[in-house]
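The values are calculated or read from the model by the stated rules, or taken from the named source; none is laboratory data. The model shown is predicted, which means the values in this text are computed figures rather than measured ones. All Cβ positions, even for glycine, are placed from backbone atoms using ideal geometry, and neighbour counts span all protein chains on display.
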Amino acid sequence: MTLERAELADDRAQARTRGRAVAAAVVVALLVALVGCGSNAKTSTPSTDESTNESAIGGDGLGGLSTTVDCSRTPMPLVNLSGCDLSGADLHGVNLGSAVLKGTNLSGANLQRANLGAIAPGVNLKGADLTSARLSGGDFSQADFTGANLTGATLNGTNVSAAIWADTTCPNGQKQSTPCV
């Protein structure tokens, strides 16, 4: 009887994990559909990097959509959000390390502890909260960091050529209008 209960508990745990992965994929698909990013917006297979953070996706840039998804132990799918308006979105802890964010508007977004080692040339990060975010190895050329908070963020190997830096709080906590890297 104990073995059967253990197997049942294991089956339930696996079902919850599959359910989280499906929920994350559904939210990303809804996000792409609601934001109206154009015909190049698409989702693909999940990445192998597992996020252990809870993220909430919502805000004015999503037409009032406010959906919370528990993404703990769930890999986020690869996604192309080029040209999307995600201004003001709460993306705390989200793993967009393999996302394409070319020209995406993330102004005023909460990106605390997010993984953004992405392809993001021309991304708008004006006033975004990137506290403890990981931008390492990403392409943020021509990005706008005006008024962004990068306190504690990691920028190792990040391409920030031709990026705009004005009143930006750098990883060391100091405000400056010159590149933080």
Legend entry - Meets criteria (without any contact (Cβ under 8 Å) to a residue 40 or more places away in the chain, out of contact with any strand residue (DSSP E or B) (no Cβ under 7 Å at 6 or more places or on another chain) and surrounded by fewer than 19 Cβ atoms within 10 Å (Cβ to Cβ)) for residue 161: yes
Legend entry - Residue among 137, 127, 97 that alone is surrounded by 20 or more Cβ atoms within 10 Å (Cβ to Cβ) and either not charged (D, E, K, R) or not in a loop (DSSP other than H, G, I, E, B) (or both): 97
Inset, instruction - Within the stretch 96-107, work out how many residues are over 9 Å from the mean Cα position of the chain (by Cα) and touching a residue at least 40 places away in the same chain (Cβ under 8 Å). - result: 2
Legend entry - Residue, modelled with the highest pLDDT, within the stretch 61-94, restricted to residues that are more than 12 Å from the chain's Cα centre (by Cα) and in a strand (DSSP E or B): 85
